[in-house]
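Below you'll find the structure, written out as C-alpha cells, and then a few comments.
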Ligand SMILES: [Zn+2]
C-alpha cells in the first residue's frame, strides 16, 4: 500500500540547512530529535520520547518537526497507522530514504541521457541492461557448488541472521508462553524494564507460499519496521521455547533462496537482441499483415471536409466559364514603350542606317571602326 513518506536523508539535509546540527549529537536539537524518533520501533515510544524531550527543545525546532505529520516521517508510526486504520500490514524493510530509487536512477543514467535525443534508442538500451541484470541475478540465485549445498537464505539474509543472533542475549528476557490453536503466543518483557511488555505470535506451521518461514509478529514494531526478527523472537529461538524452530525458520521468507529463485526462474529468458536481422532470422512472418508505403497509393483528395459546400452543376459551369475567359484575354503592350518613341522619327528608321552613321564617326577620327 503506497502512501506519502518523506525521505529521511533529504529531511535531514533540510533540517541541517535551517538549524545546523552537524552529526546530530547536540541534545535537544532538531536533528538529534529527528534521529531519535526515526529509530523508534513503535508509536508508543515516539509519543513517550516526544513528551519527555519536547519541553526542553527550542520552539522553532519543535515547530519544524511538527510541520510534517508523524506517519509521513517516522517509519514506526507509518506502519502502525496502516494497521490500525486500514488493517493492512505494512513493512518498511528498514528503508527510510529514497537512496534505493536514486541509485537505480544512477544505474540507468545512460538511458535517461538518451531519452533527450532518441526514445527508441533509449528503450533498446534499457531492455539490454535489464536483460544483463536478469541473467546475473538468475545465475546467482541458482548457483550450485560441488563442495557444499547452498544455504537456505540469500547472502544478505545469512549475514543479517548472523548479526541479530550474535547480539541477542536471551537471559535478559522474561518469556511466558501460551499455546493457541494455530500459533504460539508469547508475552516477553525485559528483566530490567518489565513494564514494557510485548506480545509475540509465531505460527505453528509455515504457509506454503512462505517457503518454510515461520516469521511471526511482535507488538514491539521492529519486525514490521525492519522486515527482520526482533530481539524477542531471537530470544525465543535461542532459549529453545519451541523445539522445532530453527534460526533459519524464523527469518522472513523474502530472504529465502527459494523466493529468490522464483523471482528469477531458471527457464526465464529476458531477450535483448532486438534487431531487424535477428527478427528476420528467428521469427516467421505473418503473411496477412503487410506494410503499404504511402507512395504506392494514388493521389487522392482525401476525406472531404464536412463543412465545405458541395458544388452543383451551375457552380461547375460558372467555374469553367471563368477559367476560359482568363485563358483568352487580349494581350496588350504596356503604354510606356510607345511614349518613349518619337512619332515623327519612327518611320523609315532601320538598323543599317544607324550602323552607317556610327562608322562615319570612326572614319573621321582616323580610326578603323568595327564594320
Ligand atoms: Zn519484538
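The values are calculated or read from the model by the stated rules, or taken from the named source; none is laboratory data. Keep in mind that what you see is a predicted model, and the values were worked out from it rather than measured. Note: ideal-geometry Cβ built from the backbone for every residue, glycine included; neighbour counts use all protein chains shown.
Couple of notes before you dig in:
Residues checked against (1) farther than 20 Å from residue 259 by Cβ; (2) surrounded by 13 or more Cβ atoms within 10 Å (Cβ to Cβ); (3) in contact with a helix residue (DSSP H, G or I) (Cβ under 9 Å, 6 or more places away or on another chain); (4) touching a residue at least 60 places away in the same chain (Cβ under 8 Å):
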site: 96; (1), (2), (3), (4): yes, yes, yes, yes
site: 100; (1), (2), (3), (4): no, no, no, no
site: 127; (1), (2), (3), (4): yes, yes, no, yes
site: 134; (1), (2), (3), (4): no, yes, no, yes
site: 142; (1), (2), (3), (4): no, yes, yes, yes
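- Comparison of 214, 174 shows that the only residue that is modelled with pLDDT of 90 or more and assigned to a loop (DSSP other than H, G, I, E, B) is 214.
- Within segment 229-249, being within 16 Å of residue 152 (Cβ to Cβ) and within 12 Å of the ligand (Cβ to nearest atom) holds for one residue alone: 229.
- Scanning segment 200-223 for residues that are farther than 17 Å from residue 254 by Cα, near the ligand (Cβ under 9 Å from one of its atoms) and in contact with a strand residue (DSSP E or B) (Cβ under 8 Å, 6 or more places away or on another chain) turns up 200, 218, 219, 220.
- So residue 160, is it assigned to a helix (DSSP H, G or I) and within 26 Å of the chain's Cα centre (by Cα): no
- Each residue in segment 153-188 was checked for being touching a helix residue (DSSP H, G or I) at 6+ places or on another chain (Cβ under 9 Å) and within 19 Å of residue 238 (Cα to Cα), and 19 pass.
- 3 or more residues more than 23 Å from the chain's Cα centre (by Cα): qualifying helices (runs of 4 or more DSSP H) within segment 35-119: 43-53, 59-66, 75-86
- Of the residues making up segment 48-68, those that are surrounded by 12 or more Cβ atoms within 10 Å (Cβ to Cβ) and either at pLDDT below 90 or within 22 Å of residue 222 (Cβ to Cβ) (or both) are 48, 49, 50, 53.
- In segment 224-236, the residues that are within 18 Å of residue 167 (Cβ to Cβ) and either buried (at least 22 other Cβ atoms within 10 Å of the Cβ) or touching a strand residue (DSSP E or B) at 6+ places or on another chain (Cβ under 7 Å) (or both): 225, 228, 229, 230, 232, 233, 234, 235, 236
- Test: residue in segment 187-195 that is within 14 Å of the ligand (Cβ to nearest atom), part of a loop (DSSP other than H, G, I, E, B), touching a strand residue (DSSP E or B) at 6+ places or on another chain (Cβ under 9 Å) and modelled with pLDDT of 90 or more: no
- Single condition residue 251 does not satisfy, out of (1) in a helix (DSSP H, G or I); (2) in the same structural domain as residue 231 (by TED's automatic domain parsing): (1)
- The single condition among (1) assigned to a helix (DSSP H, G or I); (2) in contact with a helix residue (DSSP H, G or I) (Cβ under 7 Å, 6 or more places away or on another chain); (3) closer than 29 Å to residue 101 by Cα that residue 24 does not meet is (1).
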